[in-house]
Amino acid sequence: MPMLPPFAEVALLLVMAAGIGLVGTLARQPLIVSFIAVGLIAGPSALDVVHSDAQIDLLSELGIAVLLFLVGIKLDVQLIRSLGVVSVMTGLGQVIFTAFFGYLIGLALGLGHITSLYVAVALTFSSTIIIVKLLSDKREIDALHGQISLGFLIVQDLVVVLAMIVLSAIGIGAADAGHGGGSVAMVLASGLALVAAVVLFVRYVADPLTERLARAPELLVIFAIALAAMFAAVGDFVGLGKEVGGLMAGVALASTPYRETIAARLAPLRDFLLLFFFLALGATLDLSLLGTHVTGAILFSLFVLIGNPLIVLSIMGAMGYRKRTGFLAGLTVAQISEFSLIFVAMGVSIGHVTEDALGLVTMVGLVTIAASTYMITYSHQLYALFEPLLGVFERKNTPREPSEAGAHAAESYRIILFGLGRFGTAIGLRLHKRGIRVLGVDFNPQAVRRWRDLGLEADFGDASDPEFVAELPFRGAEWMVSTVPIHPSGLSHEDTRRTLIQLARSAGFSGRIAAASHSSGDSEALFGAGVDLVLEPFQDAADRAVELLSGAVTEERTDFPEIAAEGRATG
């Protein structure tokens with residue numbers, strides 16, 4: 001293909017990224033896979049249209065700086081403490097065991113000590129973007145396993161910071177003139193000076209400066225990008241690398257009250273710039289050489305897809321969590337991340353490893369990211385399939401996650417309500433005021449705690465867990481109500497509700513069933529699944545509003561300020 005002008009070349013790459021990204025989205029694949037595929041197709045092994053290396057590399061480096069900046073701005077060690085010991089212990093345990101066994105696999109494949117170490121460390125990083133996106137789509141980010149997974153990500157972010165700092169320090173002797181070429185002592189001194197500058201910035205400058213800049217939001221975003229680029233350039237100059245510099249810039253703003261605003265506004269720019277990193281990565285891979293990595297890629301991929309979840313499942317089981325929670329949390333670490341590729345790329349630039357190692361890790365990334373997307377999406381179905389084999393990972397008693405339903409087995413409730421969000425809380429409070437005894441159920445520990453604070457009875461548990469549902473006090477219950485949030489597509493939670501209906505009937509529930517719906521099509525499906533009453537919050541609220549506005553109803557409205565607080569808390 002004839003060489004195109006740089007602008008036309010970038011335009012073509014963007015068009016290809018949009019088209020292939022759409023195909024990947026329809027296949028429920030993360031954009032990372034699509035973008036690397038675009039680089040492979042546009043690279044020398046296929047169309048050979050990537051020739052503006054300088055321009056693409058510049059955008060790629062800026063994208064990495066912004067990515068690490070956003071990691072730094074969200075680093076919050078206090079959050080680890082709030083999530084509990086399990087996040088730290090399981091996160092560190094997963095990193096240590098994955099690195100150890102990955103290193104042994106690398107040696108067995110004949111990769112050499114340094115290459116095996118790089119690959120093993122790269123396998124410990126899971127993709128924050130992919131995990132959060134998938135759990136958010138499934139409305140499981142607030143579930144117990146979702147919160148523990150967030151703890152994993154924070155621990156891994158800290159490991160990323162330490163690994164890159166150590167890597168930069170080790171690679172000083174191999175650094176070229178572009179990295180300053182100084183001695184190790186000089187670079188470490190420069191690093192300490194950079195840390196001191198960040199501390200002083202946070203102490204005296206960050207809050208008043210960002211408060212002033214926040215009056216013009218566009219200027220605040222420009223300042224954040226400038227700070228990330230400046231720290232990345234300084235870090236590169238003193239030998240720490242652009243990545244560490246970008247992280248330090250994020251840490252400099254992590255304590256400001258505007259960090260969430262900055263992160264939200266920079267996320268689209270990060271995704272756009274990272275496109276060029278993955279394009280450049282794919283364009284540098286020679287498809288004819290990837291065949292030499294097939295055996296290694298298969299073994300490492302199987303280790304990540306199977307070994308990582310088993311490591312997490314074992315640690316959580318030993319700590320006293322139920323096998324279901326450990327399994328669901330373990331699936332979230334069944335892939336490697338963009339940091340894995342960046343980490344190995346740093347090793348290539350320093351001269352510790354060759355391009356072959358980057359190609360191997362890239363193949364592992366493509367396989368694990370693609371496969372884990374489906375594993376997380378269909379996690380509950382996979383648990384049902386493997387549940388008979390997982391008993392060995394659960395202690396006889398689970399002190400970290402006791403089955404609360406058994407404690408209410410002898411109790412009598414007229415209504416059992418699943419889903420303790422804003423709508424469920426409104427129903428529960430009104431039923432409680434009328435003297436109707438209701439038991440609330442949710443898989444979000446915070447939601448259960450809030451219900452109990454309101455004086456309502458609640459159990460923590462998963463509506464799709466057969467063991468939990470079987471222990472609920474259905475005897476004497478007249479209604480079972482589901483207000484579980486519905487995914488916008490209308491598909492994600494339909495199976496959960498159907499499963500709940502089947503499990504409740506199997507457990508002996510003979511009363512009537514009500515479920516919330518937000519569309520006519522979903523309502524019809526619920527009726528077909530055996531629901532007796534469909535609650536349509538928006539339609540019912542609109543009907544009530546029309547009655548009030550038209551004067552058809554004149555009785556005084558009863559307000560519950562607790563519901564407003566609950567709504568603000570749950571969003």
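Specify the residue that is farthest from Leu472 (Cα to Cα); the eligible residues are those in the stretch 508-526 that are more than 34 Å from the chain's Cα centre (by Cα) and surrounded by 13 or more Cβ atoms within 10 Å (Cβ to Cβ).
From the stretch 508-526, those more than 34 Å from the chain's Cα centre (by Cα) are 508-512; that's our starting set.
Now restrict to residues that are surrounded by 13 or more Cβ atoms within 10 Å (Cβ to Cβ): 509, 511-512.
Working: Phe509: 10, Gly511: 14, Arg512: 16 Å.
That would be Arg512.
Working only within the stretch 305-350, note down all residues that are part of a loop (DSSP other than H, G, I, E, B), among the hydrophobic types (A, V, I, L, M, F, W, C), farther than 13 Å from Ser149 by Cβ and out of contact with any Leu (no Cβ under 8 Å at 6 or more places or on another chain).
Let us first name the residues in the stretch 305-350 that are part of a loop (DSSP other than H, G, I, E, B), namely 319-322, 332-337.
From what's left, among the hydrophobic types (A, V, I, L, M, F, W, C): 319, 333-334, 336.
Cutting the leftovers down to farther than 13 Å from Ser149 by Cβ gives us 319, 336.
Once the filter is applied, which keeps residues that are part of a loop (DSSP other than H, G, I, E, B), among the hydrophobic types (A, V, I, L, M, F, W, C), farther than 13 Å from Ser149 by Cβ and out of contact with any Leu (no Cβ under 8 Å at 6 or more places or on another chain), the stretch 305-350 yields only Met319.
For a quick check of your reading of the model, give me the residue pairs whose first member lies in the stretch 516-531 and is in a loop (DSSP other than H, G, I, E, B), whose second is of a type in the set (A, V, I, L, M) and surrounded by 16 or more Cβ atoms within 10 Å (Cβ to Cβ), with beta-carbon atoms closer than 6 Å and at least 6 apart or on different chains.
Taking only residues 6 or more apart or on different chains, the pairs are Ser517/Leu526; Ser517/Val534; His518/Ile486; Ala529/Ile501; Gly530/Ile501; Val531/Ile513; Val531/Ala515.
Kindly list the number of the only condition in (1) surrounded by fewer than 22 Cβ atoms within 10 Å (Cβ to Cβ); (2) at pLDDT 90 or above; (3) closer than 27 Å to Ala143 by Cβ that fails for Ala318.
(2)
How many residues does the stretch 428-443 hold that are in a helix (DSSP H, G or I) and surrounded by fewer than 23 Cβ atoms within 10 Å (Cβ to Cβ)?
Within the stretch 428-443, residues that are in a helix (DSSP H, G or I) and surrounded by fewer than 23 Cβ atoms within 10 Å (Cβ to Cβ) number 5.
Is there a residue being in a helix (DSSP H, G or I) and modelled with pLDDT of 70 or more anywhere in the stretch 168-184?
If we filter the stretch 168-184 for residues that are in a helix (DSSP H, G or I), which is where we start, we get 168-174, 177-179, 184.
Next, from what is left, pick out any that are modelled with pLDDT of 70 or more: none.
Looking for residues that are in a helix (DSSP H, G or I) and modelled with pLDDT of 70 or more, one finds none in the stretch 168-184, hence no.
Please go through the stretch 192-217 and pick out each residue that is in contact with a Lys or Arg (Cβ under 9 Å, 6 or more places away or on another chain) and surrounded by fewer than 18 Cβ atoms within 10 Å (Cβ to Cβ). Full working, then the answer.
Here is the first cut: in the stretch 192-217, the residues in contact with a Lys or Arg (Cβ under 9 Å, 6 or more places away or on another chain) are 210, 217.
Pro217, the sole residue that qualifies.
Here are the criteria: (1) modelled with pLDDT under 80; (2) in a helix (DSSP H, G or I). Tell me which single one Val198 does not satisfy.
Of the numbered conditions (1) modelled with pLDDT under 80; (2) in a helix (DSSP H, G or I), the odd one out for Val198 is (1).
Looking at Glu478, Glu494, can you tell me which residue is at pLDDT 80 or above and assigned by TED's automatic domain parsing to the domain that holds Gly421? Break it down stepwise before answering.
On the way: Glu494 fails: at pLDDT 80 or above.
Within the list Glu478, Glu494, the selection yields Glu478.
Does the stretch 206-228 include one or more residues that are within 27 Å of Met16 (Cβ to Cβ) and either modelled with pLDDT under 85 or under 27 Å from the mean Cα position of the chain (by Cα) (or both)? Steps first, answer last, please.
Filtering the stretch 206-228 down to residues within 27 Å of Met16 (Cβ to Cβ) leaves 225.
Filter once more, so that each one left must be either modelled with pLDDT under 85 or under 27 Å from the mean Cα position of the chain (by Cα) (or both): 225.
Yes, the stretch 206-228 has at least one match.
Here are some residues: Gly93, Gly146. Which one is in contact with a Lys or Arg (Cβ under 9 Å, 6 or more places away or on another chain) and either within 28 Å of Ala27 (Cβ to Cβ) or touching a residue at least 24 places away in the same chain (Cβ under 8 Å) (or both)?
On the way: Gly93 fails: in contact with a Lys or Arg (Cβ under 9 Å, 6 or more places away or on another chain).
Gly146 is the lone residue from the list that is in contact with a Lys or Arg (Cβ under 9 Å, 6 or more places away or on another chain) and either within 28 Å of Ala27 (Cβ to Cβ) or touching a residue at least 24 places away in the same chain (Cβ under 8 Å) (or both).
Do we have Phe327 as assigned by TED's automatic domain parsing to the domain that holds Ile96 and at pLDDT 85 or above here? Break it down into steps so the answer makes sense when it comes.
Values: assigned by TED's automatic domain parsing to the domain that holds Ile96: yes; at pLDDT 85 or above: yes.
Spelling it out, Phe327 is indeed assigned by TED's automatic domain parsing to the domain that holds Ile96 and at pLDDT 85 or above.
Which ones in the stretch 444-469 are touching a residue at least 60 places away in the same chain (Cβ under 8 Å) and either assigned to a strand (DSSP E or B) or among the basic types (Lys, Arg) (or both)?
Those that are touching a residue at least 60 places away in the same chain (Cβ under 8 Å) and either assigned to a strand (DSSP E or B) or among the basic types (Lys, Arg) (or both): Arg450, Phe460.
Of the conditions (1) modelled with pLDDT of 80 or more; (2) exposed (fewer than 12 other Cβ atoms within 10 Å of the Cβ), Gly461 clears all except one; give me its number.
(2)
Which of the residues belonging to the stretch 229-243 are in a helix (DSSP H, G or I) and more than 22 Å from the chain's Cα centre (by Cα)? Please lay out each step first, then the result.
Here is the first cut: in the stretch 229-243, the residues in a helix (DSSP H, G or I) are 229-238, 242-243.
Passing the criteria: Ala229, Met230, Phe231, Ala232, Ala233, Val234, Gly235, Asp236, Phe237, Val238, Lys242.
What number of residues within the stretch 108-138 are modelled with pLDDT under 85 and either of a type in the set (Asp, Glu) or touching a Leu at 6+ places or on another chain (Cβ under 7 Å) (or both)?
From the stretch 108-138, those modelled with pLDDT under 85 are 127-138; that's our starting set.
If we keep only those that are either of a type in the set (Asp, Glu) or touching a Leu at 6+ places or on another chain (Cβ under 7 Å) (or both) as well, we get 128, 131, 137.
Residues meeting the conditions: 3.
The values are calculated or read from the model by the stated rules, or taken from the named source; none is laboratory data. Just so it is clear, the structure is predicted and the values come from calculations on it, not from any experiment. Because the Cβ atoms are built from the backbone with ideal geometry, glycine has one as well, and the counts that use them run over all protein chains shown.
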